Amino acid sequence: MKIAFFDTKPYDIPAFDRYGAEAGIEFKYYETKLNPDTVDLARGFDGVCVFVNDSVTAPVIDRLAEMGVGYVALRCAGFNNVDMAHAHGRLHVFRVPAYSPYAVAEHAMALLLTSVRRIHKAYIRTKDFNFSLNGLTGFDLHGKTVGIIGTGRIGRVFGDICRGFGMKVLAYDKFPAPGFADGENVRYTTTDELFAKSDIISLHCPLTEETYHLIGKENLEKCKTGVVIINTSRGALVDAEALLAAIKSRKVGGACLDVYEEESDLFFRDFSGHILEDDTLARLISMPNVIVTSHQAFLTEEALDNIAATTVGNLAAFRDKGQCPNELCYYPTGAADCKNGKCF
């Protein structure tokens, strides 16, 4: 089996080479992203392996199908970059539903602690031998209320971390996780109550039509003044312009962003020495109470190993058995994990 691997980074290759060799799967690595201009690079391959900023749109899907490419192996959990309705009946799509919930949840907490304790500012000061504490006053997390939107594996791990700090957890999920809420320190509630009562809001839900710009002008107005927003999930969950306006009006006291809705042409690339043309992102980064990392939350040795193992396992399972438990199907209500082991 030969797979065209798009949007390759140096840290991807070792684990995929190792697991690929064991499973008899050969990867050809391309630095470029998959899009209508690059799709012909997949000619002669059995499938493509893509990441969050590759574009598996209808024209790309049609071209892949025309060339006899049968598989799209996502090396991530989210699939909002795939036109699942168009892929149905044309391509088999696999994903990695969980690689390391600890990696993302711990990064979310790292961003939060860095923000509220001003660690990023202190680090820069001490590099210049400035040991003044002026302007570095933070606040305790103990006793604060955190609102968690999305209680899949990552959201629940983040909730457990917050409970370890003595925080109270308000949670919202369309499908509540059995056993997560204890009625005292963790409680499921409505989004309206979550916005109104949370000191900190952390997003751990998928990007869908329903969650697009979930953090927007209307919901930000429901929040406490000084609320801290954390997003380590998908960029378009947050309306960046509305967030910027809320920061400027002092409604939002801090923002910790590992993802950004227009990140596809920016993140994972070095623009130092260049003028950043995205004015919204540039203004967000310039704010003293905003921390931006470039989709880094997943990046641990354990997660990279799990991503490679699961992706290769998905491809090998379908090759050997004709089905894969991590295949995505398109239903009238949208895409979801395959229920019967065969999508078409």
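The values are calculated or read from the model by the stated rules, or taken from the named source; none is laboratory data. Predicted, not measured: the structure shown is a model, and the values here were computed from it. Virtual Cβ from ideal backbone geometry, glycine too; neighbours counted across all protein chains shown. SASA here: full protein model, heavy atoms, side chains in, ligands and nucleic acids out. Shrake-Rupley method; radii C 1.70, N 1.55, O 1.52, S 1.80 Å.
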Quiz item: Quick one: is R63 modelled with pLDDT of 95 or more, open to solvent by 10 Å² or more (accessible area, probe 1.4 Å), basic (K, R) and touching a helix residue (DSSP H, G or I) at 6+ places or on another chain (Cβ under 7 Å)?
Solution: yes
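Residues are listed down the side, and each one gets a yes or a no for (1) at pLDDT below 95; (2) acidic (D, E):
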{"site": "K224", "(1), (2)": "no, no"}
{"site": "V228", "(1), (2)": "no, no"}
{"site": "N231", "(1), (2)": "no, no"}
{"site": "E241", "(1), (2)": "no, yes"}
{"site": "K251", "(1), (2)": "no, no"}
{"site": "D258", "(1), (2)": "no, yes"}
{"site": "E263", "(1), (2)": "yes, yes"}
{"site": "F268", "(1), (2)": "yes, no"}
{"site": "H274", "(1), (2)": "yes, no"}
Quiz item: Limited to segment 42-55, what total is found for residues that are of a type in the set (V, I, T) and over 11 Å from L91 (Cα atoms)?
Solution: 2
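Answer with yes or no whether L281 is modelled with pLDDT of 90 or more, under 20 Å from A4 (Cβ atoms) and of a type in the set (A, V, I, L, M, F, W, C).
Numbers: modelled with pLDDT of 90 or more: yes; under 20 Å from A4 (Cβ atoms): no; of a type in the set (A, V, I, L, M, F, W, C): yes.
When the stated conditions are applied, L281 does not pass them.
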Quiz prompt | Answer from F271, F298 - the residue that is part of a loop (DSSP other than H, G, I, E, B), crowded, with 19+ Cβ neighbours inside 10 Å and aromatic (F, W, Y) | solution = F298
Quiz item: Residues of segment 122-147 being more than 24 Å from G226 (Cα to Cα) and in a loop (DSSP other than H, G, I, E, B), which ones?
Solution: D128, F129, N130, F131, S132
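Return the residue satisfying two criteria in turn: it lies in segment 274-290 and is in a loop (DSSP other than H, G, I, E, B) and open to solvent by 90 Å² or more (accessible area, probe 1.4 Å), and of such residues it is nearest to L244 (Cα to Cα).
Top of the filtered list is E277.
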Quiz item: Can we say L220 is in contact with a Gly (Cβ under 7 Å, 6 or more places away or on another chain), of a type in the set (A, V, I, L, M) and in contact (Cβ under 8 Å) with a residue 12 or more places away in the chain?
Solution: no
Practice problem: Taking the residues in segment 158-181 that are among the aliphatic types (A, V, I, L, M) and touching a residue at least 12 places away in the same chain (Cβ under 8 Å) as candidates, determine which candidate is surrounded by the most Cβ atoms within 10 Å (Cβ to Cβ). | Solution: V169
Exercise. Run down L207, L220 and say which single residue is assigned to a helix (DSSP H, G or I), crowded, with 20+ Cβ neighbours inside 10 Å and at negative phi.
Key: L220
Practice problem: Scan segment 185-193 and give yes if some residue there is modelled with pLDDT under 95, over 23 Å from the mean Cα position of the chain (by Cα) and of a type outside the set (A, V, I, L, M, F, W, C), otherwise no. | Solution: yes
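Would you confirm whether any residue within segment 239-260 is among the basic types (K, R), touching a residue at least 40 places away in the same chain (Cβ under 8 Å) and surrounded by 13 or more Cβ atoms within 10 Å (Cβ to Cβ)?
No, there is no match, as no residue in segment 239-260 is among the basic types (K, R), touching a residue at least 40 places away in the same chain (Cβ under 8 Å) and surrounded by 13 or more Cβ atoms within 10 Å (Cβ to Cβ).
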Quiz item: Pairs under 6 Å by beta carbon, first residue of a type in the set (D, E, K, R) in segment 12-38, partner open to solvent by 40 Å² or more (accessible area, probe 1.4 Å), six or more apart or different chains?
Solution: E26/K2
Exercise. Select, from Y71, Y29, the only residue that is touching a strand residue (DSSP E or B) at 6+ places or on another chain (Cβ under 8 Å) and over 28 Å from D258 (Cβ atoms).
Key: Y71
Quiz prompt | Some residue of segment 184-191 being of a type outside the set (F, W, Y), open to solvent by 70 Å² or more (accessible area, probe 1.4 Å) and assigned to a loop (DSSP other than H, G, I, E, B) | solution = yes
Quiz item: If you scan segment 84-106, which residues turn out to be under 21 Å from G147 (Cβ atoms) and either open to solvent by less than 30 Å² (accessible area, probe 1.4 Å) or hydrophobic (A, V, I, L, M, F, W, C) (or both)?
Solution: P101, V104, A105
Quiz item: What residue, among those in segment 33-54 that are among the polar types (S, T, N, Q) and in contact with a helix residue (DSSP H, G or I) (Cβ under 8 Å, 6 or more places away or on another chain), is surrounded by the fewest Cβ atoms within 10 Å (Cβ to Cβ)?
Solution: N35
Exercise. Return yes or no: is T151 within 25 Å of K251 (Cα to Cα) and hydroxyl-bearing (S, T, Y)?
Key: no
